[in-house]
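Input: a single structure, listed below in structure tokens.
Every number here is computed from the coordinates shown, using simple stated rules; none is lab data. Just so we're clear, the structure is a prediction, and the values are computed from it rather than from any experiment. Cβ sites come from the backbone with ideal geometry, for glycine too, and all protein chains shown count toward neighbours.
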Amino acid sequence: MPALLSRILGMLRIAASAGPWRVVLRDLLHRGEPLHEDEAHLRAAMDWLARAQDVAGCGGGLSAGYSFRRGWLPPYPETTGYIIPTFLRYGEHTGDDGWIQRAVRAGDWESEIQLAAGGVRGGQGINTEPVVFNTGQVILGWCALHRTTGHDKYLESATRAADWLLQVQDRDGAWRQNTYEDTPHTYHSRVAWPLLEVAAATGEARYRSAAAANLDWVIAQARPNGWVESMSFRCADDPYTHTIAYTYRGLLECGLQLQGDTGVSAMQLAQLGADRLLRRYELNKPDPHAEPWPLPATLNSRWQPSDEGSSCVPGNAQIALLWLRLAVITAQDQAASLRWTNSALKLLDQVKATQSLHSRHDGIRGGVPGSSPVWSWYLRLTYPNWAAKFLADALMETEAAL
Amino acid sequence: MIIGLTSAARVNPYATLLIDELQRRQLPVGFVLSAERGHAGDVWERLKRRGVAGTLRALRRRAAGAAKGPQPLVRWAAQRELDLSLPLVQICERAGIERLLVKSLSTSAAADAVFHRGTEVLINAGGGLFRKRLLEAPSRGLLNAHMARLPELRGVDVLEWSVLLGVQPGITVHWIDGGVDTGAILGFEPLSPAPDDTLESLRERAVLLSATAVADQVARLAHGEATELPGTSDMAPQYFALHPRLSDLAAARLAARTD
């Protein structure tokens, strides 16, 4: 009965508000939002993230997103953590100290709710179970705050969290306990990356060894075509581009920081995967000169779409960001760098086309939906905070790539 | 030598130029295999491929480009007394060339028509992606002019990519095989931009050079003087349609060049 009541209330909420209807109608008619200069889209995304922090009402955590059915969602420790570097970078970009203060509030909140054993609470709201992936993402935020502010308290939180990650890591380098469905995931390469950040900040080799062990395990899951097994949330499902991008971004950032064979292999695998994604994107169009269709929401191990009808918008922003990172990293090879940039710009235009800059609805204006069309499977009728975050990151990286 | 041309447009300046260049080398075109549509068909096809917004964007860009820079095609046509705005049907009638109208170049009827005429060389003057049966219909193959150096720059918008990357623009004449610009290479003709060139005028210059380069290579084939270099693999880097921001960057680099 409460579930039914909640559903009815959700439907009434949608029916009473013009904003969601406009988005649904837009997607029904396959109409994109008008494109503006990057700076306007960036500012709108950042303003949306600021609202997500303000409405959460917990001092620093960001609401997980805006749902057409449930309104603003509870704060989300995991994504609040990795939004900290976005706030910091935008603060540097604009010279506005207010964004640094937002990052500080988010980091302090994360430290306040950090579990005694060091792990970060899983899920939305304040839960009791620590989760490996979420812990890694918040470490990224604490390490960024430590670099920016020089305050040791953030490094202490990060070190405690990293110690917990080492405690629950299996001997083969994978994490199985305290993970989604208690199975190992290769997107944990994005947990190895924060461990390397802690290693760099503390000089402690054990974090580096743990990261390398995980990467060795991830690399062992790769196929010759660049596909990596176990990139999905659930073993039986094909992965969303969201978690595919997590996997290759983790490999890329680790490859940049790790010396030796593991680092080289991680970098090569990241480039191979990114290239397969680029081909998947660019070759999926009616005509060689036409604009490519957006990437499908999920892919299978042959890099074929398993869901042609929808696109995972945060995944698209993340993949554009992955290509832009490669563009920056390969800047000395102009042809390679501009190839990455070219495809990233096209994919980003498609993400920008899902972002309304002028909606009067606070949950929609500047936000980025989970899916396109908005009613598709990945976070149906929801604007998650990580979609806005990855769009903002990609737009700031575009500046670096060009 | 029996030579055929493909075409998919009602008005096809490139095919007109090719016919003229081949005739000047005593290499008459035997037939034009045309999958052209009427005006409405052209508009519908463009809308289908690019969408309303994409079509309007392309038309705006074309209008903006056409307003600036030299117009080498217009000048060339005037010198040769060619009317590049004439429909291909009239060009064929004037030159006594058979025009084979087909529904699509992908059909077996199109491939059969090429095969049964004993065609040695078919030249790509439009038609998009070709099916294997058409590629195998002419005894020597299907010839293409690619607007950049191969095998380095395969894909589309490669003239603009050449400018963007600061490499020598030019035309590669090559055989079309099953891959994207992967076939054996007959030769490369460099293209030197004029000081006042825009991307639009450079593209026109490239169209002119394509016609002469292809005609030269067909002449070499006819005289048994052609040489071939190996093509490349389909896994080699491919260049895709340029985002407008990178097109603008290419235009700026072309305008800023000093050599």
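Summary table below
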quantity: Chain A: most fluctuating residue of A:ASP172, A:ASP349, A:ASP275 per GNM, C-alpha cutoff 10 Å; calculated: A:ASP172
quantity: Prolate/oblate/rounded call for region B:186-240, Cα gyration tensor, a/c under 1.5 rounded; calculated: oblate
quantity: Residue-count net charge about A:GLY60 - beta-carbon cut-off 12 Å; Lys, Arg +1, Asp, Glu -1; calculated: -2
quantity: Length-normalised contact order of chain B in % [C-alpha pairs under 8 Å, at least 6 apart]; calculated: 22 percent
quantity: At least 20 Å along the helix axis (C-alpha) and Kyte average at least -1.0, DSSP helices within chain B; calculated: B:39-66, B:199-222
quantity: Ordering of A:203-214, A:228-239, A:157-168 by burial proxy (mean other Cβ atoms within 10 Å per residue, highest first); calculated: A:157-168, A:203-214, A:228-239
quantity: Highest average packing first - B:110-123, A:94-107, Cβ atoms within 10 Å; calculated: B:110-123, A:94-107
quantity: Average partner coverage of B:237-250, which counts Cβ from other chains inside 10 Å; calculated: 6
quantity: Placed amide H near B:ARG99: partners under 5 Å, 5+ positions off or other chain; calculated: B:VAL32
quantity: Axial C-alpha extent at least 30 Å, average Kyte-Doolittle at least -1.0 - helices from chain A (DSSP); calculated: A:260-282
quantity: Stokes-Einstein translational diffusion, the protein assembly as shown - Kirkwood Rh over all Cα pairs, 1.567 mPa s, 4 °C, in µm²/s; calculated: 47 µm²/s
quantity: Whole-number percent relative contact order across region A:301-389, with pairs defined as alpha carbons under 8 Å at least 6 apart; calculated: 29 percent
quantity: For B:153-164, mean number of other protein chain Cβ atoms within 10 Å; calculated: 2
quantity: GNM top mover of A:LEU28, A:LEU62, A:LEU347 - chain A, alpha-carbon springs below 10 Å; calculated: A:LEU28
quantity: Formal net charge of residues neighbouring A:GLN268 (Cβ-Cβ distance under 13 Å; K, R +1; D, E -1); calculated: -1
quantity: Helix-only [θ]222 nm of the protein assembly as shown, DSSP H runs n ≥ 4, -39500 (n - 2.57) each, per residue, nearest 500; calculated: -17500 deg cm²/dmol
quantity: Residues whose placed amide H lies under 5 Å from that of B:ASN12, excluding near-sequence neighbours; calculated: B:LEU88
quantity: Amide H partners (placed H, <5 Å) of B:TYR239, local residues excluded; calculated: B:ARG154, B:GLY155, B:VAL156
quantity: Under 15 Å, Cβ to Cβ, from A:PRO373 - net charge with Lys/Arg +1 and Asp/Glu -1; calculated: 0
quantity: Burial ranking of peptide ranges B:169-177, A:375-383 (average Cβ count within 10 Å, highest at the top); calculated: B:169-177, A:375-383
quantity: ³J(HN,Hα) computed for each position of region B:143-150 - Karplus, 6.51 cos²θ - 1.76 cosθ + 1.60, integer Hz, glycine/proline x; calculated: 9, 9, 9, 10, 7, 6, 6, 10
quantity: Residue among A:PRO74, A:PRO224, A:PRO130 with the largest mean-square fluctuation in a Gaussian network model of chain A, springs linking Cα atoms under 10 Å; calculated: A:PRO224
